[in-house]
Amino acid sequence: MTHIAIFASGTGTNARKIIEYFESSSEVKVALVVSNRKNALVLDAAAERGIPTILLERKSFYHSETILTELQTYSISLIILAGFLWLIPPYLVRAFTDRIINIHPALLPKFGGKGMYGHHVHEAVLDAGEKESGITIHLVDEIYDNGSTLFQAKCPVEVNDTPETLAKRVLKLEHYYFPRIIDEYIRETLPSRLPKT
Ligand code: GRF
């Protein structure tokens, strides 16, 4: 059984989709949900399903490595960032090289980097007059939105789009593809990325 942890800061609609997707799986279990926001709805969603949750504090996340012990306690072998806004510190990237996956609501390398999240991304896409947008699912390194791309899916940008209408179209792609790409990664790639014990 592969245990995964989901890190999320916001409403957690992606986190919910991932939890639901793997709910009946005998191979993959969402074993932990981590958030940096006390009121994040994602924590309620996890608690409702009996999934353990951890609330991160900035200081301990960046200046201690206690999260590593917690991840070990729950036998986590893959971390999923589903709308998690803090930069992953180097010690965590090192411990989970090629084992942290993020989703970004645009076609990287365009419209990524620090500050490019939520409506900022969709505003930038519209301001640039792009004809299409989409999602990027990628591995995480020490730089925001920089790791290698695992998957992209595109959708059109319509002439009358607002950041909200575009966000909705992009989110639909996220909800459909993110769980499936995670599943594929776990089956095809993760086994060769696990640390040798
Ligand atoms: C998504 O658009 C994701 O791409 C981004 O943050 C948003 C999270 O949405 N990184 P939700 O919290 O899963 O609803």
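In table form, for the structure just shown:
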{"quantity": "Lys, Arg +1 and Asp, Glu -1 on Cβ, resulting dipole of the chain about Cα centre, debye, nearest 20", "calculated": "300 debye"}
{"quantity": "MRE, 222 nm, helices only [DSSP H, n ≥ 4, -39500 (n - 2.57), over the chain, to nearest 500]", "calculated": "-11500 deg cm²/dmol"}
{"quantity": "Rel. contact order, % - alpha carbon contacts under 8 angstrom, at least six apart, the stretch 2-193", "calculated": "19 percent"}
{"quantity": "Residues whose placed amide H lies under 5 Å from that of VAL34, excluding near-sequence neighbours", "calculated": "ILE6, PHE7, ALA8, ILE54"}
{"quantity": "Approximate spin-label separation THR189-ASN160, in nm, with each point projected 7 Å along Cα-to-Cβ", "calculated": "3.9 nm"}
{"quantity": "Solvent-accessible area per residue, Å², over the stretch 2-193 with all protein chains present [probe radius 1.4 Å]", "calculated": "50 Å²"}
{"quantity": "The chain: most fluctuating residue of GLY12, GLY50, GLY113 per GNM, C-alpha cutoff 10 Å", "calculated": "GLY50"}
{"quantity": "All aspartates and glutamates inside 15 Å of LYS196 as judged from Cα atoms, apart from same-chain residues fewer than 8 positions distant", "calculated": "ASP98"}
{"quantity": "Counting DSSP beta bridges with both ends in the stretch 2-193, the antiparallel % (nearest 5)", "calculated": "40 percent"}
{"quantity": "Per-residue HN-Hα couplings for the stretch 100-110 [Karplus 6.51, -1.76, 1.60; θ = phi - 60°; Hz; x = Gly/Pro]", "calculated": "10, 10, 10, 10, 10, x, 6, 8, 4, x, 6"}
{"quantity": "Carbon plus sulfur fraction of accessible area for the chain, probe 1.4 Å, in percent", "calculated": "51 percent"}
{"quantity": "Top of ASP145, ASP183, ASP161 by mean-square fluctuation, Gaussian network on the chain, Cα under 10 Å", "calculated": "ASP161"}
{"quantity": "In Å², nearest 10: area of TYR74 left accessible to a 1.4 Å probe", "calculated": "70 Å²"}
{"quantity": "Solvent-accessible ranking of HIS119, HIS3, HIS63, largest area first, probe 1.4 Å", "calculated": "HIS63, HIS119, HIS3"}
{"quantity": "Tilt relative to the chain, helix 163-188 - C-alpha long axis, 0 to 90 degrees, to 10", "calculated": "40 degrees"}
{"quantity": "List ARG187, ARG16, ordered by accessible area with a 1.4 Å probe, largest first", "calculated": "ARG187, ARG16"}
{"quantity": "Nearest-10 value in Å² for the accessible area of ARG180, using the 1.4 Å probe", "calculated": "90 Å²"}
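The values are calculated or read from the model by the stated rules, or taken from the named source; none is laboratory data. This is a predicted model, so every value here is computed, not measured. Note: ideal-geometry Cβ built from the backbone for every residue, glycine included; neighbour counts use all protein chains shown. Just the protein is used for accessible areas: all its heavy atoms, side chains included, with ligands, DNA and RNA removed. Shrake-Rupley method; radii C 1.70, N 1.55, O 1.52, S 1.80 Å.
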